[in-house]
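J.: Questions regarding the structure given below will be posed in turn.
The values are calculated or read from the model by the stated rules, or taken from the named source; none is laboratory data. It should be emphasised that the depicted structure is a prediction, and the values quoted were computed from it without experimental measurement. Glycine also receives a Cβ, built like all others from the backbone with ideal geometry; neighbour counts cover every protein chain displayed.
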Amino acid sequence: MKATATAHPNIALVKYWGKRDERLILPHQSSLSVTLGPLSVTTTVEFLGGDGHDEVTINGKVAAGSERARVVELLGLVRSQTKRRLGRAKMVSKGDFPAAAGLASSAAAFAALAVAARTAAGFARDTQAESILARRGSGSASRSVQGGFVRWNRGTRADGRDSFGEQLFAASHWPELRLLVGMVSREEKEVKSRDGMRTTVETSPYYPAWAKDAEAEVANLIPFIRRRDLEAVGAIAEKNAWRMHSTAFAADPPLCYLKPATLAVIQTCAELRKKGVGVWFTLDAGPNPVLLTSKTDEAKVAKVLQQHGAREVVRCRPGGDAEVG
(Lines give C-alpha, C1' and ligand atoms only; values in the text may rest on other atoms or scores of the structure.)
Protein backbone atom coordinates (compact mmCIF):
# COMPACT_ATOMS: atom_id res chain seq x y z
CA MET A 1 0.00 0.00 0.00
CA LYS A 2 2.91 2.28 -0.82
CA ALA A 3 4.08 3.62 -4.17
CA THR A 4 6.36 6.28 -5.62
CA ALA A 5 5.79 8.03 -8.93
CA THR A 6 7.65 10.67 -10.90
CA ALA A 7 6.04 13.04 -13.40
CA HIS A 8 7.24 15.95 -15.49
CA PRO A 9 5.70 19.40 -15.90
CA ASN A 10 4.43 20.55 -19.26
CA ILE A 11 4.29 23.77 -21.21
CA ALA A 12 1.09 24.44 -23.14
CA LEU A 13 1.52 25.43 -26.78
CA VAL A 14 -2.21 26.16 -26.85
CA LYS A 15 -3.12 27.31 -23.35
CA TYR A 16 -5.69 26.23 -20.81
CA TRP A 17 -7.15 29.39 -19.29
CA GLY A 18 -10.52 29.29 -17.58
CA LYS A 19 -12.90 26.72 -16.11
CA ARG A 20 -16.52 26.00 -16.95
CA ASP A 21 -16.78 23.97 -13.73
CA GLU A 22 -14.68 25.06 -10.75
CA ARG A 23 -15.29 21.96 -8.62
CA LEU A 24 -14.51 19.34 -11.25
CA ILE A 25 -11.92 21.57 -12.98
CA LEU A 26 -13.41 21.35 -16.45
CA PRO A 27 -12.05 23.77 -19.07
CA HIS A 28 -13.89 26.05 -21.45
CA GLN A 29 -11.65 24.85 -24.30
CA SER A 30 -9.19 22.11 -25.16
CA SER A 31 -5.45 22.67 -24.87
CA LEU A 32 -2.26 21.07 -26.14
CA SER A 33 1.10 20.83 -24.41
CA VAL A 34 4.56 19.31 -24.58
CA THR A 35 5.95 17.55 -21.52
CA LEU A 36 9.22 18.97 -20.19
CA GLY A 37 12.09 16.66 -19.31
CA PRO A 38 14.22 16.44 -17.24
CA LEU A 39 12.26 18.62 -14.76
CA SER A 40 10.25 16.45 -12.41
CA VAL A 41 8.30 15.96 -9.22
CA THR A 42 8.60 12.71 -7.27
CA THR A 43 5.81 11.73 -4.90
CA THR A 44 5.43 8.84 -2.47
CA VAL A 45 2.03 7.83 -1.11
CA GLU A 46 1.53 5.28 1.63
CA PHE A 47 -1.85 4.26 2.99
CA LEU A 48 -1.27 3.47 6.65
CA GLY A 49 -4.68 2.07 7.62
CA GLY A 50 -6.60 3.23 10.64
CA ASP A 51 -8.17 6.58 11.37
CA GLY A 52 -6.56 9.98 11.64
CA HIS A 53 -5.48 12.88 9.50
CA ASP A 54 -3.46 12.53 6.32
CA GLU A 55 0.18 13.62 6.53
CA VAL A 56 1.21 15.92 3.66
CA THR A 57 4.79 17.09 3.14
CA ILE A 58 5.76 19.14 0.10
CA ASN A 59 9.36 20.12 -0.63
CA GLY A 60 10.40 19.40 2.93
CA LYS A 61 7.62 21.38 4.61
CA VAL A 62 4.37 20.25 6.20
CA ALA A 63 1.61 21.52 3.92
CA ALA A 64 -1.21 23.67 5.24
CA GLY A 65 -4.22 25.61 4.03
CA SER A 66 -5.46 25.21 0.48
CA GLU A 67 -2.27 23.46 -0.60
CA ARG A 68 -2.92 20.64 1.87
CA ALA A 69 -6.66 20.63 1.21
CA ARG A 70 -6.18 19.91 -2.51
CA VAL A 71 -3.97 16.90 -1.75
CA VAL A 72 -6.32 15.55 0.92
CA GLU A 73 -9.28 15.90 -1.45
CA LEU A 74 -7.51 13.90 -4.14
CA LEU A 75 -6.55 11.17 -1.67
CA GLY A 76 -10.19 11.07 -0.60
CA LEU A 77 -11.24 10.51 -4.20
CA VAL A 78 -8.93 7.50 -4.41
CA ARG A 79 -10.44 6.06 -1.23
CA SER A 80 -13.93 6.51 -2.67
CA GLN A 81 -13.03 4.52 -5.79
CA THR A 82 -12.11 1.29 -3.99
CA LYS A 83 -13.76 -1.05 -1.50
CA ARG A 84 -10.43 -1.63 0.22
CA ARG A 85 -9.96 0.04 3.58
CA LEU A 86 -6.99 2.28 2.93
CA GLY A 87 -7.13 4.44 6.03
CA ARG A 88 -5.11 7.58 6.51
CA ALA A 89 -2.31 8.41 4.13
CA LYS A 90 1.20 9.78 4.24
CA MET A 91 2.30 11.77 1.20
CA VAL A 92 5.78 13.15 0.59
CA SER A 93 6.46 15.15 -2.57
CA LYS A 94 9.55 16.93 -3.84
CA GLY A 95 10.19 18.85 -7.04
CA ASP A 96 13.45 19.93 -8.63
CA PHE A 97 12.19 23.30 -9.88
CA PRO A 98 10.48 26.32 -8.24
CA ALA A 99 6.77 26.26 -7.49
CA ALA A 100 4.30 28.97 -8.53
CA ALA A 101 6.67 30.65 -11.00
CA GLY A 102 4.76 29.77 -14.16
CA LEU A 103 6.38 26.39 -14.79
CA ALA A 104 3.36 24.17 -14.16
CA SER A 105 4.81 22.75 -10.96
CA SER A 106 1.31 21.79 -9.83
CA ALA A 107 0.85 19.85 -13.07
CA ALA A 108 3.80 17.59 -12.33
CA ALA A 109 2.91 17.39 -8.64
CA PHE A 110 -0.69 16.26 -9.08
CA ALA A 111 0.16 13.93 -11.97
CA ALA A 112 2.73 12.21 -9.76
CA LEU A 113 0.28 12.17 -6.86
CA ALA A 114 -2.51 10.65 -8.95
CA VAL A 115 -0.28 7.89 -10.29
CA ALA A 116 1.30 7.12 -6.89
CA ALA A 117 -2.00 7.17 -4.99
CA ARG A 118 -3.82 4.90 -7.43
CA THR A 119 -0.90 2.48 -7.50
CA ALA A 120 -0.63 2.42 -3.70
CA ALA A 121 -4.37 1.71 -3.54
CA GLY A 122 -3.94 -1.35 -5.73
CA PHE A 123 -5.20 -0.04 -9.06
CA ALA A 124 -3.51 -1.09 -12.31
CA ARG A 125 -2.00 1.66 -14.44
CA ASP A 126 -4.66 3.43 -16.51
CA THR A 127 -3.53 6.72 -18.03
CA GLN A 128 -7.07 7.95 -18.71
CA ALA A 129 -8.22 7.33 -15.13
CA GLU A 130 -4.98 8.84 -13.80
CA SER A 131 -5.42 11.92 -15.97
CA ILE A 132 -9.01 12.44 -14.79
CA LEU A 133 -7.90 12.09 -11.18
CA ALA A 134 -4.90 14.42 -11.64
CA ARG A 135 -7.20 16.99 -13.24
CA ARG A 136 -9.15 17.27 -9.97
CA GLY A 137 -6.01 18.61 -8.30
CA SER A 138 -4.79 20.84 -11.13
CA GLY A 139 -6.22 21.15 -14.61
CA SER A 140 -2.87 21.10 -16.39
CA ALA A 141 -1.91 17.96 -14.44
CA SER A 142 -4.19 16.04 -16.79
CA ARG A 143 -1.52 16.64 -19.46
CA SER A 144 1.46 15.46 -17.36
CA VAL A 145 0.47 11.81 -16.89
CA GLN A 146 1.78 11.07 -20.38
CA GLY A 147 4.86 12.38 -22.13
CA GLY A 148 5.47 14.04 -25.46
CA PHE A 149 2.61 16.06 -26.95
CA VAL A 150 -0.66 15.77 -25.07
CA ARG A 151 -4.11 17.21 -25.83
CA TRP A 152 -6.44 17.85 -22.92
CA ASN A 153 -9.86 17.25 -24.41
CA ARG A 154 -12.44 19.77 -23.27
CA GLY A 155 -15.18 17.17 -23.18
CA THR A 156 -18.91 17.83 -23.06
CA ARG A 157 -20.15 15.68 -20.16
CA ALA A 158 -21.17 17.45 -16.98
CA ASP A 159 -19.43 14.79 -14.87
CA GLY A 160 -16.07 15.30 -16.62
CA ARG A 161 -15.54 11.69 -17.65
CA ASP A 162 -14.61 12.74 -21.19
CA SER A 163 -12.23 15.53 -20.13
CA PHE A 164 -8.73 14.06 -19.90
CA GLY A 165 -5.27 14.20 -21.39
CA GLU A 166 -4.56 12.15 -24.51
CA GLN A 167 -1.09 11.58 -25.92
CA LEU A 168 -0.91 12.56 -29.59
CA PHE A 169 2.82 12.05 -30.15
CA ALA A 170 5.37 10.40 -27.86
CA ALA A 171 8.49 12.24 -26.69
CA SER A 172 10.51 10.31 -29.27
CA HIS A 173 8.53 11.91 -32.12
CA TRP A 174 10.60 15.10 -32.09
CA PRO A 175 14.00 14.46 -30.47
CA GLU A 176 15.60 17.59 -31.96
CA LEU A 177 13.11 19.95 -30.28
CA ARG A 178 14.53 22.02 -27.43
CA LEU A 179 12.61 24.06 -24.88
CA LEU A 180 14.67 26.53 -22.89
CA VAL A 181 13.17 28.00 -19.74
CA GLY A 182 14.48 31.48 -19.01
CA MET A 183 14.29 31.88 -15.23
CA VAL A 184 13.94 35.66 -14.97
CA SER A 185 12.22 35.33 -11.57
CA ARG A 186 11.95 32.67 -8.86
CA GLU A 187 9.35 34.59 -6.87
CA GLU A 188 5.92 33.12 -6.30
CA LYS A 189 3.16 34.73 -8.30
CA GLU A 190 1.07 37.37 -6.53
CA VAL A 191 -2.05 35.98 -8.23
CA LYS A 192 -2.17 32.20 -8.58
CA SER A 193 -3.32 30.72 -11.85
CA ARG A 194 -6.67 29.45 -10.59
CA ASP A 195 -7.53 32.88 -9.16
CA GLY A 196 -6.33 34.61 -12.31
CA MET A 197 -8.45 32.33 -14.47
CA ARG A 198 -11.54 33.00 -12.43
CA THR A 199 -11.09 36.76 -12.62
CA THR A 200 -10.45 36.60 -16.36
CA VAL A 201 -13.51 34.45 -17.10
CA GLU A 202 -15.76 36.65 -14.99
CA THR A 203 -14.52 40.11 -16.03
CA SER A 204 -12.53 40.09 -19.29
CA PRO A 205 -14.62 41.15 -22.31
CA TYR A 206 -12.16 39.26 -24.52
CA TYR A 207 -12.74 35.88 -22.89
CA PRO A 208 -15.46 34.39 -25.16
CA ALA A 209 -13.34 35.14 -28.25
CA TRP A 210 -10.30 33.64 -26.54
CA ALA A 211 -12.04 30.33 -25.80
CA LYS A 212 -13.35 29.97 -29.35
CA ASP A 213 -10.00 30.83 -30.91
CA ALA A 214 -7.96 28.53 -28.65
CA GLU A 215 -10.19 25.53 -29.40
CA ALA A 216 -9.60 26.06 -33.12
CA GLU A 217 -5.85 26.44 -32.65
CA VAL A 218 -5.54 22.96 -31.12
CA ALA A 219 -6.73 21.43 -34.39
CA ASN A 220 -4.53 23.79 -36.39
CA LEU A 221 -1.42 22.86 -34.43
CA ILE A 222 -1.55 19.08 -34.70
CA PRO A 223 -0.51 18.73 -38.40
CA PHE A 224 2.51 20.99 -37.79
CA ILE A 225 3.65 18.89 -34.83
CA ARG A 226 3.21 15.79 -36.98
CA ARG A 227 5.54 17.32 -39.62
CA ARG A 228 7.93 18.66 -36.92
CA ASP A 229 7.54 22.12 -38.46
CA LEU A 230 9.20 24.33 -35.84
CA GLU A 231 8.37 27.61 -37.55
CA ALA A 232 4.66 26.85 -37.82
CA VAL A 233 4.43 25.39 -34.30
CA GLY A 234 6.34 28.37 -32.90
CA ALA A 235 4.12 30.89 -34.66
CA ILE A 236 0.94 29.35 -33.22
CA ALA A 237 2.49 29.07 -29.75
CA GLU A 238 3.49 32.76 -29.74
CA LYS A 239 0.11 33.93 -31.02
CA ASN A 240 -1.77 31.84 -28.48
CA ALA A 241 0.39 33.04 -25.59
CA TRP A 242 -0.14 36.69 -26.53
CA ARG A 243 -3.89 36.14 -26.74
CA MET A 244 -4.07 34.39 -23.37
CA HIS A 245 -2.19 37.17 -21.67
CA SER A 246 -4.31 39.76 -23.49
CA THR A 247 -7.44 38.33 -21.90
CA ALA A 248 -5.72 38.65 -18.52
CA PHE A 249 -4.64 42.24 -19.22
CA ALA A 250 -8.27 43.08 -19.96
CA ALA A 251 -9.57 41.58 -16.70
CA ASP A 252 -10.79 43.76 -13.83
CA PRO A 253 -8.48 44.32 -12.06
CA PRO A 254 -5.90 43.81 -14.83
CA LEU A 255 -3.59 40.82 -14.48
CA CYS A 256 0.01 41.06 -15.63
CA TYR A 257 2.34 38.13 -15.05
CA LEU A 258 5.18 39.63 -17.09
CA LYS A 259 8.39 41.21 -15.79
CA PRO A 260 10.59 43.67 -17.71
CA ALA A 261 13.04 40.85 -18.39
CA THR A 262 10.18 38.74 -19.76
CA LEU A 263 9.43 41.35 -22.40
CA ALA A 264 13.11 41.76 -23.21
CA VAL A 265 13.40 38.04 -23.97
CA ILE A 266 10.18 37.98 -26.00
CA GLN A 267 11.23 40.92 -28.16
CA THR A 268 14.60 39.33 -28.79
CA CYS A 269 13.00 36.26 -30.36
CA ALA A 270 11.80 38.26 -33.36
CA GLU A 271 15.21 39.89 -33.71
CA LEU A 272 16.97 36.53 -33.66
CA ARG A 273 14.68 35.14 -36.35
CA LYS A 274 15.71 37.98 -38.65
CA LYS A 275 19.29 36.77 -38.16
CA GLY A 276 18.41 33.21 -39.10
CA VAL A 277 18.06 31.74 -35.61
CA GLY A 278 14.93 29.60 -35.26
CA VAL A 279 13.40 30.55 -31.90
CA TRP A 280 9.87 31.26 -30.69
CA PHE A 281 8.45 31.89 -27.22
CA THR A 282 5.54 30.68 -25.18
CA LEU A 283 4.52 31.80 -21.71
CA ASP A 284 2.18 30.37 -19.11
CA ALA A 285 0.77 32.39 -16.19
CA GLY A 286 4.13 33.49 -14.85
CA PRO A 287 7.18 35.57 -15.74
CA ASN A 288 9.46 32.85 -17.11
CA PRO A 289 9.35 32.48 -20.91
CA VAL A 290 9.96 29.13 -22.55
CA LEU A 291 11.73 29.33 -25.89
CA LEU A 292 11.14 26.74 -28.58
CA THR A 293 14.19 26.06 -30.71
CA SER A 294 16.22 23.29 -32.29
CA LYS A 295 19.20 21.30 -31.12
CA THR A 296 21.24 23.24 -33.70
CA ASP A 297 20.41 26.68 -32.23
CA GLU A 298 20.17 25.65 -28.57
CA ALA A 299 23.53 27.10 -27.47
CA LYS A 300 22.90 30.45 -29.20
CA VAL A 301 19.47 30.80 -27.65
CA ALA A 302 20.74 29.93 -24.17
CA LYS A 303 23.40 32.60 -24.43
CA VAL A 304 20.89 35.24 -25.50
CA LEU A 305 18.62 34.35 -22.60
CA GLN A 306 21.44 34.95 -20.16
CA GLN A 307 22.28 38.26 -21.83
CA HIS A 308 18.70 39.47 -21.44
CA GLY A 309 18.16 38.89 -17.75
CA ALA A 310 17.66 35.16 -17.25
CA ARG A 311 19.29 34.26 -13.95
CA GLU A 312 19.26 30.64 -14.99
CA VAL A 313 18.53 28.77 -18.20
CA VAL A 314 16.92 25.35 -17.83
CA ARG A 315 17.44 23.27 -20.94
CA CYS A 316 14.59 20.86 -21.66
CA ARG A 317 13.45 18.48 -24.34
CA PRO A 318 10.22 16.52 -24.72
CA GLY A 319 9.80 14.46 -21.55
CA GLY A 320 8.42 10.99 -21.04
CA ASP A 321 5.45 9.43 -19.29
CA ALA A 322 4.88 9.50 -15.55
CA GLU A 323 6.55 6.42 -14.09
CA VAL A 324 6.18 4.30 -10.97
CA GLY A 325 9.24 3.24 -9.01
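J.: Restricting attention to region 272-299, and to residues there that are among the acidic types (Asp, Glu) and modelled with pLDDT of 95 or more, which single residue is nearest to residue 198 (Cα to Cα)?
T.: Let us first name the residues in region 272-299 that are among the acidic types (Asp, Glu), namely 284, 297-298.
Within this subset, residues satisfying the condition of being modelled with pLDDT of 95 or more are 297-298.
Details: 297: 38, 298: 36 Å.
Per the stated criteria, the residue is 298.
J.: Next question, about the same structure. Please specify each residue of region 176-213 satisfying the condition of being assigned to a loop (DSSP other than H, G, I, E, B), of a type in the set (A, V, I, L, M) and surrounded by fewer than 16 Cβ atoms within 10 Å (Cβ to Cβ).
T.: Matches in region 176-213: none.
J.: Now a separate question. Name the residue, out of 233, 218, that is under 12 Å from residue 30 (Cβ atoms), surrounded by 15 or more Cβ atoms within 10 Å (Cβ to Cβ) and not hydroxyl-bearing (Ser, Thr, Tyr).
T.: Values: 233 fails: under 12 Å from residue 30 (Cβ atoms).
Testing whether each residue is under 12 Å from residue 30 (Cβ atoms), surrounded by 15 or more Cβ atoms within 10 Å (Cβ to Cβ) and not hydroxyl-bearing (Ser, Thr, Tyr) leaves just 218.
J.: Filter region 282-307 down to residues that are farther than 17 Å from residue 234 by Cβ, crowded, with 19+ Cβ neighbours inside 10 Å and out of contact with any Asp or Glu (no Cβ under 9 Å at 6 or more places or on another chain), then give me how many there are. Even if it seems obvious, please write down each step before you answer.
T.: First, the residues of region 282-307 that are farther than 17 Å from residue 234 by Cβ: 285-288, 299, 303, 306-307.
Imposing the further condition that a residue be crowded, with 19+ Cβ neighbours inside 10 Å reduces the set to 285-288.
Subsequent filtering for residues that are out of contact with any Asp or Glu (no Cβ under 9 Å at 6 or more places or on another chain) retains 285-286, 288.
Number of matching residues: 3.
J.: Checking the condition modelled with pLDDT of 95 or more, of a type in the set (D, E, K, R) and assigned to a strand (DSSP E or B), which residue from 161, 151, 135, 157 passes?
T.: Just one listed residue meets the conditions, 151.
J.: Does region 311-322 include one or more residues that are within 30 Å of residue 5 (Cβ to Cβ), touching a residue at least 40 places away in the same chain (Cβ under 8 Å), assigned to a helix (DSSP H, G or I) and charged (D, E, K, R)?
T.: The answer is no; no qualifying residue exists.
J.: Among the residues of region 267-286, which ones are of a type in the set (Asp, Glu) and in a loop (DSSP other than H, G, I, E, B)?
T.: First pass over region 267-286, keeping only residues of a type in the set (Asp, Glu): 271, 284.
284 - this is the single residue of region 267-286 that is of a type in the set (Asp, Glu) and in a loop (DSSP other than H, G, I, E, B).
J.: Then there's this: So which of 238, 215, 190, 202 ends up being acidic (Asp, Glu), outside the structural domain of residue 68 (by TED's automatic domain parsing) and in contact (Cβ under 8 Å) with a residue 60 or more places away in the chain? So that I can check it myself, show each step before the final result.
T.: Numbers: 238 fails: in contact (Cβ under 8 Å) with a residue 60 or more places away in the chain; 190 fails: in contact (Cβ under 8 Å) with a residue 60 or more places away in the chain; 202 fails: in contact (Cβ under 8 Å) with a residue 60 or more places away in the chain.
That would be 215, the only listed residue that is acidic (Asp, Glu), outside the structural domain of residue 68 (by TED's automatic domain parsing) and in contact (Cβ under 8 Å) with a residue 60 or more places away in the chain.
J.: Out of all the residues in region 65-84, which are in contact with a strand residue (DSSP E or B) (Cβ under 9 Å, 6 or more places away or on another chain) and at pLDDT 95 or above?
T.: First, pick out the residues of region 65-84 that are in contact with a strand residue (DSSP E or B) (Cβ under 9 Å, 6 or more places away or on another chain): 67-68, 71-72, 75, 78-79, 84.
Of everything in region 65-84, those that are in contact with a strand residue (DSSP E or B) (Cβ under 9 Å, 6 or more places away or on another chain) and at pLDDT 95 or above turn out to be 68, 71, 72, 75, 78, 79.
J.: Sticking with this one: Can you list the strands (runs of 3 or more DSSP E) found entirely within region 1-107 that contain at least 2 residues being charged (D, E, K, R) and under 30 Å from residue 168 (Cβ atoms)? Write out each step before concluding.
T.: Working: elements: 2-7, 10-14, 19-21, 31-37, 41-47, 55-58, 89-95.
Once the strands (runs of 3 or more DSSP E) in region 1-107 are filtered for at least 2 residues that are charged (D, E, K, R) and under 30 Å from residue 168 (Cβ atoms), what remains is 19-21.
J.: Output the number of residues of region 247-266 satisfying the condition of being touching a helix residue (DSSP H, G or I) at 6+ places or on another chain (Cβ under 8 Å), assigned to a helix (DSSP H, G or I) and not hydrophobic (A, V, I, L, M, F, W, C).
T.: The number of residues fulfilling the criteria is 1.
J.: Scan region 244-257 for residues that are surrounded by fewer than 18 Cβ atoms within 10 Å (Cβ to Cβ) and either without any contact (Cβ under 8 Å) to a residue 40 or more places away in the chain or β-branched (Val, Ile, Thr) (or both) and jot them down.
T.: Pass one, region 244-257, residues surrounded by fewer than 18 Cβ atoms within 10 Å (Cβ to Cβ): 246, 249-250, 252-254, 256.
Passing the criteria: 249, 254, 256.
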